[in-house]
Amino acid sequence: MLELLLHAVWPSVCPVCGRLGRAVCRECIEALVEAPPPFCMSCGAEAPCAEHPRGAVCLAATSYNAMNRELIHAMKYREARRAAIMMGEVLAGRFGKPDADFLVPVPLHKSSEREYNQAELIARGAGRVWNIEVRRVLEWRASVGRQAAKESSARYLPKGIVSVRSRVPGRAFVIDDVFTSGSTVMACSDSLLKAGIAVAGAAVWSKGGSY
Ligand SMILES: [Zn+2]
Ligand SMILES: [Zn+2]
C-alpha cells in the first residue's frame with residue numbers, strides 16, 4: 001500500500017526498458033548478464049594471469065555497456081535499492097556458491113552523499129541466494145572519495161586506506177558494484193589479508209568502464 005502511494009508521488013520507471021511502476025524489471029537485469037570470464041583481482045586480465053598466477057580471482061555478472069551505465073546511474077541517483085538487491089541475486093544465481101564464510105561489501109566512503117551502499121545491497125542480494133551472511137568489516141580511513149578511487153589511474157591506492165573495523169574468523173569474499181582499475185577491490189583485499197582474514201575471491205556486478 002505504502003509502495004503504491006509512493007509510486008503515485010514519484011512514479012518509478014525501469015531505467016532499462018522504460019516500463020512504469022517499478023524500479024527495474026528482473027528480466028531487464030537478467031538480460032544484461034554476459035558473465036565475462038573470471039579475471040585476476042590484481043590486474044583485471046583473464047584468470048589465471050601470467051603476472052599473478054596464484055592471485056585471487058574476481059567474477060563479474062556483466063561488462064560495461066550503455067544499458068549497464070543507465071542502470072548503475074539510476075541506482076545511484078534514483079535510490080533504486082530494490083534494483084541493487086536484485087542485481088546481487090542475479091549475480092549470485094549466475095555463479096556457484098563461493099568457498100567463503102561471509103561476504104564483505106566495499107564500504108561506502110564517509111564523504112558520500114548517498115544514503116545507502118550499492119555494494120552492500122548487491123552483497124545482500126547475493127548473500128540471500130548463496131546463503132552467506134554479509135559482514136561490514138571494512139571502512140575507508142582517509143578522505144579519498146570512493147568515486148575518485150575508482151577513477152584513479154593508480155592501480156594501487158595508498159596502503160592502509162581501507163581498515164578492518166572488526167576481525168572475524170573465516171574466509172571473506174569481497175563484493176563491489178563495478179571493477180575498473182581494480183584498486184578498490186585490491187585495497188579491500190589487502191587490508192583483510194593484513195588483518196589475518198583469508199580472501200576467497202571477489203565478485204562485482206560489472207567489469208570495466210567508468211560510471
Ligand atoms: Zn525493464
Ligand atoms: Zn594479474
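Every read-out reported here was derived from the displayed coordinates using simple, explicitly stated rules and does not represent laboratory data. Note that this is a predicted model, so its numbers are computed, not measured. Here Cβ is always computed from backbone atoms with ideal geometry, including for glycine, and neighbour counts include all displayed protein chains.
Computed 3J(HN,Hα) for region 35-45, one whole-Hz value per residue from the Karplus formula 6.51 cos²θ - 1.76 cosθ + 1.60 where θ = phi - 60°, is 6, x, x, x, 10, 5, 5, 6, 10, x, 6, glycine and proline marked x. Shown is the FRET efficiency for residue 34 and residue 195, computed with R0 = 41 Å from the Cβ-Cβ distance and rounded to the nearest 0.05: 0.75. Once you place label points 7 Å from the Cα toward the Cβ at residue 69 and residue 133, how far apart are they in nm? With each label placed 7 Å out from Cα toward Cβ, I get 4.1 nm. When the GluC sites (Glu not before Pro) in region 89-133 are filtered for DSSP coil states and for at most 12 other beta-carbon atoms within 10 Å of their beta-carbon, the remaining sites are 113, 115.
For residue 60, nonlocal amide neighbours, meaning residues 5 or more places apart or on other chains whose placed amide H falls under 5 Å from its own, are 204. Using the Cβ-Cβ distance between residue 49 and residue 141 with R0 set to 35 Å, the FRET efficiency from 1/(1 + (r/R0)^6) comes to roughly 0.75.
Which order do 62, 184 fall in if you start with the one that has the fewest other Cβ atoms within 10 Å? Don't skip to the end; give the middle numbers.
On the way: 62 24, 184 27.
Starting with the residue having the fewest Cβ neighbours, the order is 62, 184.
Mind sorting 116, 64 by how few other Cβ atoms lie within 10 Å of their own Cβ, fewest first? Intermediate results must be reported in sequence, preceding the final value.
Working: 116 13, 64 19.
Fewest to most other Cβ atoms nearby, the residues stand as 116, 64.
Subtracting the Cα-Cα distance of residue 112 and residue 17 from their residue separation scaled by 0.36 nm leaves 31.3 nm. Search the structure for amide H atoms under 5 Å from the amide H of residue 141, placed 1.01 Å from N in the peptide plane, and list their residues when 5 or more places away or on another chain. Those lying under 5 Å, H to H, from residue 141 are 162, 163.
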